[in-house]
Amino acid sequence: MSIDCRTRQYRDQKKLARDEVFDAMLPDALAANGELAARGLRYTELPALGLAVEGRTITLSEHDGKLQLEEAASSEGVVASLDSGALSNLVQDIQTTMGLAMTSKVEITQGAFDAWIGWEPVLRALLDARPVHEAGAITLRDRNDNPLDLSRSFTLDDDRDEIAHFIHEAGFLHISNVFSDAEMAAVSRDLDAALALAEPDDGASWWAGDSKGRQQAVRVLWFHEKSLALRDLLFDDRIQWIAGLTGDSHDGSKLGAEGLVKPLDIKTGLSDLPWHKDCGQGMHSYFCSGMTVGISITGADRESGALGVVPGSHRANVQTAGVDPSLDLAPIKLETRTGDITLHCSDTLHRAHRPTKRLRKVVYTGFRLAPIPGDVIPKTPREVERAARARLSNVRDRISASGGDASVGGYEE
C-alpha cells in the first residue's frame, strides 16, 4: 500500500508573471481539464470566480459543460484581488485559497469568502486533473472486501499489513497501549513547565482566551527541545516503526513535536482547531501524504475533546478548510486513553473538539516523505520557518483582513 500522492517537485517551482498565467497556463489547463473542472463547479454549486491581478481581471465560469476564461470581472460571483506573486503561488499549489487568506495575500472584493474557499478543489481539478469529490465516489473496505470497521483500534502486536491497509483506506489509525502512564506523566510535567514559562508574543507559543478574557498558553512550539522525556520517546521503536508502515519513504530521523493543552471555556485564539487538512494552506502535491502522530498524554473522550476525523477524506478532493455541506463522508471521534497514539494522513480532514468537562493534553509529531529522487527541497532559514509557525496564532485577524468571516472556512465551531 502507498499513500504517496505527490505530483509536483520543489525544483519545478518558479515565479510566474500574471500574463504567463492568464494567457498560457490557464488556457492550457482549460483545454486539458476544462470539462472536469466544470463538472466539479456544477456539483459544488459555486458561483463564477474572478481574479483581479495588478490591473487585469479575468473570470472563470462554466459554459456548455466546460470551464471557460473571460476577460473582465463578472457582475456575479466572487472576485479575489491579489498580486502576481500570490497568483503564482495559487496556480502552483504552493498556497491554497485559504493559505492566501491566512497570510493576508488576497482580498475578497465581491461575493462571499466561503465561495473563495470552496473554489480550491475546482482549481485543483483544473490545474492538477483531480476530480472534485462527489457523493459515493469513495468506499471504505477491509481486505476481505467487507465494510471497514471504523471503530477498530490496533495494538503494536497486530499485523502490520492489516494496519497499513486500514490507513490507506481510512486515512487514520488508533493504536492502543503504546506508552505507560509513568512515561506520559513525565511528559506531562515537562509540558506544564514549558507552558508556565511561555510568554505572549514570545514566538514559541500560541495563546487563547476564555469567556472572562483571560489569556493562557495552549500550545508550546518545538516542545521536543524542552522535554527530555519526550525526546527519548520520539526515537523509541514504539514510534519509529511508523516510518516503514506504508512502504513509502517516510523519514523518522528528524522528528519534532508540539505540546498542546486543551482547556475548558476557550472562546478566542487557536486552541481547538475546526475541520482542516494539514495541507490546507498549500503544498498538497509536494508533500502529501505525510503522517501526523498524536501522543495522548491524558487520553481523550467525548467530554475531554476527542480528535475528530473524516474517514476517507484523504482520498477526496474537497475544500481543505471547513467541511463542504455536500460531503457525504461521515466524521467520527477517536476516543483514546493515556499512552495511546493516533495517526492521520496530512490530507485527512480532522479537528479538535472542544472539551466540555475535562481538559486534554496531547503531543503532535509527524513523519514526512523523503524527497523524490532528483528533487531539491529548498532550505528555509530556521528563524523564518519558526516565525511563520508562530504567526498562525493571529490567523483570525488575517482572515478578516481578506474580507472574510473567521467563522467561515473552518476556523470556528
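Among residues belonging to segment 161-184 that are open to solvent by less than 40 Å² (accessible area, probe 1.4 Å) and assigned to a helix (DSSP H, G or I), point out the one that is nearest to S296 (Cα to Cα). Working first, answer last.
Initially, segment 161-184 is screened for residues open to solvent by less than 40 Å² (accessible area, probe 1.4 Å), giving 163-167, 169-176, 178-179, 184.
Now drop any that are not assigned to a helix (DSSP H, G or I), which leaves 163-167, 169-170, 184.
Working: I163: 19, A164: 21, H165: 23, F166: 20, I167: 19, E169: 23, A170: 20, M184: 8 Å.
Per the criteria, the residue is M184.
For residues in segment 76-116 being out of contact with any Leu (no Cβ under 8 Å at 6 or more places or on another chain), of a type in the set (A, V, I, L, M, F, W, C) and within 18 Å of S285 (Cα to Cα), which is most open to solvent (accessible area, probe 1.4 Å)? Ranking the qualifying residues of segment 76-116, first place goes to I94. The set of residues in segment 205-234 being touching a strand residue (DSSP E or B) at 6+ places or on another chain (Cβ under 7 Å), open to solvent by 10 Å² or more (accessible area, probe 1.4 Å), touching a residue at least 40 places away in the same chain (Cβ under 8 Å) and assigned to a loop (DSSP other than H, G, I, E, B) consists of S211 alone.
Within segment 1-22, the set of residues being among the small types (G, A, S) and more than 24 Å from the chain's Cα centre (by Cα) comprises A17 only.
All of D190, D149 fail the test of being open to solvent by 60 Å² or more (accessible area, probe 1.4 Å) and either touching a residue at least 24 places away in the same chain (Cβ under 8 Å) or at negative phi (or both), apart from D149. Here S271, S253, S304 are screened, and the one residue that is part of a loop (DSSP other than H, G, I, E, B), out of contact with any Gly (no Cβ under 8 Å at 6 or more places or on another chain) and free of Cβ contacts under 8 Å to residues at least 40 places away in the same chain is S253. Do we have any residue at all in segment 116-127 that's over 23 Å from R8 (Cβ atoms), touching an Asp or Glu at 6+ places or on another chain (Cβ under 7 Å) and not polar (S, T, N, Q)? No, there is no match, as no residue in segment 116-127 is over 23 Å from R8 (Cβ atoms), touching an Asp or Glu at 6+ places or on another chain (Cβ under 7 Å) and not polar (S, T, N, Q).
Annotation note: Cβ proximity below 6 Å between a residue of segment 53-80 that is at pLDDT 95 or above and a residue that is open to solvent by less than 40 Å² (accessible area, probe 1.4 Å) and of a type in the set (F, W, Y) (sequence gap 6+ or interchain) occurs for I58/F22; V78/W116; A80/W116.
The values are calculated or read from the model by the stated rules, or taken from the named source; none is laboratory data. All of these numbers come straight from a predicted model, not from anything done at the bench. Positions of Cβ are generated from backbone atoms using ideal geometry, with glycine treated the same way; all protein chains shown enter the neighbour counts. These accessible areas exclude ligands, DNA and RNA; they are computed on the full protein's heavy atoms, side chains included. Shrake-Rupley method; radii C 1.70, N 1.55, O 1.52, S 1.80 Å.
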